[in-house]
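Below is one structure; the comments refer to it alone.
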Amino acid sequence: MVRKNIIISSLLLGLVSASPLHQKRQDLPFDSYDESIAAGADSTDSPPVGDAVPQVVETFNADAVAAEVVEAVVDTTPAEAQAAADAPPEVISVNLLKRDDPATGCITRTFNGPAVREPDTPEAFTSNPAFASAANDAIKAANVPAGYAAVPNFVNLQAVAQDKSYITYVSSRLGSYDVKQCAAICDSTAGCTSFNIYYERVPLEISKKTQVPDASLGCPGLADAASATLIKCAFYGMPLVATSAKQVYQFQGKAFKVVYAGSTAFTKSTGPTVDGFQGPVTFGNAAINAPAPVIDNGYLRTQTFGTNVPFAPELCAASCNAQTEYNAKHNVNKGQACVFFNAYIIYKNNKDGVFTCAYYGIPYGTSYAKNKGQKDNSGNVWTIGSSYGYYLPGNYVAKN
């Protein structure tokens, strides 16, 4: 499957003063969230089984995406902004995964994990004590990578992460169940915020062309076919949570069962710094809730991004600066400059996080981080995670 990386910008410019709802309170961006999810519906959300069709990932270029965000803000006229709620969101292509075309043939795969042979069954694989021991050792304080934290309730599972922010994975580069090596790769991968390390049971014999069993090439993938163990690290642009783990069994060839063990997730424990802004100030699982009426208390607008755009507050910073230019040029939002933004992830019914930014002409601190979620008229529960505040110099507020 080709991964489509998109950015959705829900431009609410001018709508603050036009909407009575926004005058009363600051709501979460329900509509633009749903647009983000719909636009990313066909995105890849987890690594392929085995090494099926190797992947090459083009680097996420935050500067290029930020330029698109700025252009979308600055070039939007007030008249167009007033109608933005009825217009389709802007979708900007960012990058694609490319796949190669290897030669044909049937081969014995290479693998980097210990074989489970006596018995060689899915049940023996998932209950292997060595896999559980490696996973549980990885979350001990001395072994957790610097700058990361183990995801609560996502330790030593038989399930793997599925999230639309999936970037890529590595296997052959790993010589063992090494979380520090995975963290180093994540740190060097643009847009990476979290990773999932795990053992995967795969068939030993595969097609050279497709990297999966192929009966026509003499490797049918029967139920009792010999297995191999891959150690994998999959990387994601959004913080993983416990509900990201999905226990999905797969079959390859005629009947070979692929299963997982020792699956553990880690996410970065602090928000990234942003050039030109102070912070991040941690707001945890709450977003800023400006006093009502919000139009008189600095709230400018809210912006959501595509489901597989990474958690990248530098995009918010670019949009915040563009908002200042726009407001001054068009005398929108009383001409206020954007001096503070709240970057966070919004979840619908505890899944499918969407990167979101809210912009303000007045700085707010942790005492205003009160919006831990809302329930809409359809009964959906909306919650917040990984919430951070960023301030233009001279506007830093810790607690006000």
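None of the figures in this text is laboratory data; all of them are computed from the coordinates on show. Bear in mind that the values here come from a model prediction, so they are computed numbers and not experimental data. Using ideal geometry, Cβ is built from the backbone for each residue, glycine included, and neighbour counts are taken over all protein chains shown.
Principal axis lengths of the stretch 230-322 from Cα atoms, whole Å, largest first?
Largest to smallest, the principal-axis extents are 64, 28, 23 Å.
Sort 202-210, 188-196 by packing, meaning the average of other beta carbons within 10 Å per residue, with the highest value first. Intermediate values should be presented prior to the final figure.
Details: 202-210: 20.6, 188-196: 22.6.
Top of the packing list down: 188-196, 202-210.
So, counting K/R as plus one and D/E as minus one, what does the shell of residues with Cβ under 14 Å around residue 181 add up to? Walk me through the numbers before you get to the answer.
On the way: positive: 173, 180, 232; negative: 178, 187.
Summing Lys/Arg as +1 and Asp/Glu as -1 gives +1.
Taking other Cβ within 10 Å of each residue's Cβ, how do 28, 300, 217 sort, fewest first?
Details: 28 22, 300 30, 217 17.
Arranged by neighbour count, lowest to highest, 28, 300, 217 become 217, 28, 300.
Based on the Cβ-Cβ distance from residue 375 to residue 398, what FRET efficiency comes out when R0 is 30 Å, to the nearest 0.05?
Working: r = 30 Å, r/R0 = 1.01.
In this case the efficiency is close to 0.50.
Given 0.36 nm per residue, what is the gain on full extension from residue 209 to residue 123 after removing their alpha carbon distance, in nm?
Working: separation 86, 0.36 × 86 = 30.96 nm, distance 2.93 nm.
Here the segment from residue 209 to residue 123 would lengthen by 28.0 nm.
Using a Förster distance of 35 angstrom, determine the FRET efficiency expected from the C-beta separation of residue 63 and residue 173, and round it to 0.05. Walk me through the numbers before you get to the answer.
Numbers: r = 27 Å, r/R0 = 0.78.
E(calc), rounded to 0.05, equals 0.80.
As a footprinting exposure proxy, order 174, 240 by other Cβ within 10 Å, with the fewest listed first.
Listed from fewest to most nearby Cβ atoms, that is 174, 240.
Could you work out the per residue convex hull volume over the alpha carbons of the stretch 106-268, in cubic angstrom?
Details: hull volume 17.5 nm³, N = 163.
Value for the stretch 106-268: 107 Å³ per residue.
If amide H atoms are built 1.01 Å from N in the plane of the peptide, which residues on other chains or at least 5 residues away come under 5 Å of the amide H of residue 360?
Placed amide hydrogens put 300, 339, 340 under 5 Å from residue 360.
Can you work out ³J(HN,Hα) from phi for every residue in the stretch 152-169, in order, using Karplus 6.51 cos²θ - 1.76 cosθ + 1.60 and θ = phi - 60°, giving whole Hz and x for Gly and Pro?
Taking θ as phi minus 60°, the curve returns x, 6, 10, 9, 6, 9, 9, 9, 10, 5, 10, 7, 5, 8, 3, 9, 6, 9 Hz for the stretch 152-169.
Would you order 201, 109, 117 from fewest to most other beta-carbon atoms within 10 Å of each residue's own beta-carbon?
Working: 201 26, 109 18, 117 10.
Least to most surrounded, the residues fall as 117, 109, 201.
Scan around residue 178 for amide H atoms under 5 Å from its own, H built in the peptide plane at 1.01 Å from N, and keep only partners 5 or more places away or cross-chain.
Result for residue 178 returns nothing.
Any lysines with Cα under 26 Å of the residue 351 Cα? List them, leaving off those in the same chain fewer than 8 positions away.
4, 164, 232, 246, 268, 370, 372, 375
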